[in-house]
């Protein structure tokens, strides 16, 4: 009789613990706070910097001409990036001096170049960070 009672108590405890665990998981999964809101178009423009057209040589002797828009995470970072535009241009020119036209061909080549720029520019930044690098024009000859 004692063994049966003890077994029933253990089963009830295990069930209560399992139901509590499932309830906790469901509660935390469905009651997550909404992530950070996406910035509005006006906020993106305010936190972005235009890099005027850059023309430079590639490693294979070809010429590339393009311009950029760099999106930062806030207006203070955009102001800092505006002051550092000469450093950004230097990074771009140095990076391109080691690339060929084939390195920049297609979507994958351009995305690799954008990621490299983002990483290197973020190393300079003190007031924020670069979130995206966009090409606003791009020509290779």
**Fill in**
Within region 45-55, of all residues that are touching a residue at least 12 places away in the same chain (Cβ under 8 Å) and either outside any loop (DSSP other than H, G, I, E, B) or at positive phi (or both), the one surrounded by the fewest Cβ atoms within 10 Å (Cβ to Cβ) is 52
**Request:** Take the residues in region 79-104 that are under 16 Å from residue 139 (Cα atoms) and touching a strand residue (DSSP E or B) at 6+ places or on another chain (Cβ under 8 Å), then tell me which one is surrounded by the most Cβ atoms within 10 Å (Cβ to Cβ).
**Result:** 92
**Prompt:** Which of the residues spanning region 60-78 are closer than 16 Å to residue 139 by Cα, in contact with a helix residue (DSSP H, G or I) (Cβ under 8 Å, 6 or more places away or on another chain) and not in a strand (DSSP E or B)?
**Reply:** 60, 62
**Message:** Can you tell me which condition residue 126 does not meet? The list is (1) surrounded by fewer than 12 Cβ atoms within 10 Å (Cβ to Cβ); (2) more than 19 Å from the chain's Cα centre (by Cα); (3) not in a helix (DSSP H, G or I), and all the others hold.
**Reply:** (2)
**Asked** Consider residue 42 against the criteria (1) in contact (Cβ under 8 Å) with a residue 24 or more places away in the chain; (2) out of contact with any helix residue (DSSP H, G or I) (no Cβ under 9 Å at 6 or more places or on another chain): it satisfies all of them except one. Which criterion is unmet?
**Response** (1)
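Throughout, read-outs are computed from the coordinates displayed, never taken from laboratory work. From a predicted model like this one, the values you see are computed outputs, not experimental measurements. Heads up, the Cβs are rebuilt from the backbone with ideal geometry, glycines too, and the neighbour counts pull from every protein chain shown.
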